[in-house]
Structures are given as C-alpha cells and as structure tokens.
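A short worksheet on the structure shown next.
The values are calculated or read from the model by the stated rules, or taken from the named source; none is laboratory data. This is a predicted model, so every value here is computed, not measured. Note: ideal-geometry Cβ built from the backbone for every residue, glycine included; neighbour counts use all protein chains shown.
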Amino acid sequence: MNKYFLYLLFLLIPVINKAGPDKPVSAVGWTGDIYSTLNLAEKGLSNDVFQLAIKGYRKLAANGKLQNSDILTIADFSQSSKNKRLYVIDLKNKALLFNTYVAHGRNTGEEFAKYFSNKAGSCKSSLGFYITRNHATGASVGLSLIIDGVEKGFNDNALKRQIIMHGATYATENFIRRTGRLGRSFGCPSLPPDLIKPVIETIEKGTCLFIYHQDEYYIRHSSLLN
C-alpha cells in the first residue's frame, strides 16, 4: 500500500518463509458435530460452505502447512455484505470466537460479491485458502495481518498485491445504516476497527483462512477442494 509497508514486508519475509512448523501439525480430529454445536446455520453459514472449508483445511494440515491447526477462519462472500459473514472457529475447543462483518474489494461488487481476481491493480477480492502470517503496522491502515494465498492462479499473488486483513470504518454497522451495505476495500478482507486487534491476535501465525464464494470455476479447479 506504500513504501513503508513494502519495507516492513521485506523485513518480515524471513519470518514468513519460516512460519510453517518443522513437523506436520495434525488437523483437529472429528469436526462433524461442530457445525450443529455452534449453531452456525442460525448465524448464516451453510453446512456446505463449512464442509468445503474443512476439506481444504484438512489438506493443509496434513501437508504440514499450518503452524496452528486449532483455528479456522471462514469469510463467506456468498452472503450479503450486510451480514456478519466472517467466522473465526476454535475447532479444538468447539467455540465460535468471532462472528463479524468483513468487506470485499470495490470491483468485486457492491452489496454482494460477484467478481474475483488474482491480478495486481484489480481492486478485487481473491478466493480460496490462505495461511495467516505475522502482523504488521502501516502508516495508512495501522495494525494489519499478512495473509499468504496458497492456491495457484486464484490467490497466490496476495503477497505481491499487498492483500492484508486490516480494520476499516467502512466495515461497520454505522456504515451499513448510512449506505445500505458495507464499504469496499482495494481487495483486502477488512474488518471493524474495534475487532481487528483481537481477531489478529487469535488467528495470526499459521492458521487457515478460507474466502468463499459459490464461484463454479473456483470450486471445480481448486487443488484443495478436488
């Protein structure tokens, strides 16, 4: 987003590259009852989306890609941006830690997300599975979280595009009251400012993030879903 961020990212590259564990981290065992236990249907998350998230999460964990396999975060961009469509789930302790708003890219759509891209300058969100890395602090967005897209062709340019998770005043209920929808980012998954710190502290350093939409091409061609 600016020269300061690029400099900070350069400093963090060694940390990012070493963020994975020396040994594979096993996925949490049985997840079949978590969906119903946490009443995720009542909170707007379909079981189909949850099961897709679990499928990719398990592959990442089995391949030793997750430093922390207890936490799974789902951003369900098939829902209206007026919905609390971000879910941070503690799979080990069977707890929904956060359920809040998350904004999509300005060229991805208005109230509803429709268009996605992996290209720099597109101002669109990118679908698929990410691994969270370290937090950073920038002059323009403040505290943020580096997220590393791991699906080639869908989100693997996230680091180059400087796609990060950060707080934004346009990702709040007040903004929805004024405009009828959330505001939009340059492609970053943006959260309410008051939640960005606790969410980052919970999901940073090697957890799984899944950004979903019912995009048929992605679902058919994702290496983690097929």
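In contact with a helix residue (DSSP H, G or I) (Cβ under 6 Å, 6 or more places away or on another chain), assigned to a loop (DSSP other than H, G, I, E, B) and of a type in the set (A, V, I, L, M): does that describe Ala120?
Yes, satisfied.
From the residues in the stretch 169-207 that are of a type in the set (Gly, Ala, Ser), buried (at least 23 other Cβ atoms within 10 Å of the Cβ) and part of a loop (DSSP other than H, G, I, E, B), which one is farthest from the chain's Cα centre (by Cα)?
Only one residue tops the list, namely Ala171.
List every residue pair whose Cβ atoms lie under 7 Å apart, where the two residues are 6 or more positions apart in sequence or sit on different chains, the first residue falls within the stretch 41-68 and is closer than 13 Å to Phe210 by Cβ, and the second residue, located anywhere, is assigned to a helix (DSSP H, G or I).
These pairs meet every condition: Phe50/Tyr35; Leu66/Leu60.
Kindly indicate whether Ser81 is assigned to a loop (DSSP other than H, G, I, E, B), over 17 Å from Phe210 (Cβ atoms), modelled with pLDDT of 95 or more and in contact with a strand residue (DSSP E or B) (Cβ under 7 Å, 6 or more places away or on another chain).
Yes; evaluated as a whole, the condition is true for this residue.
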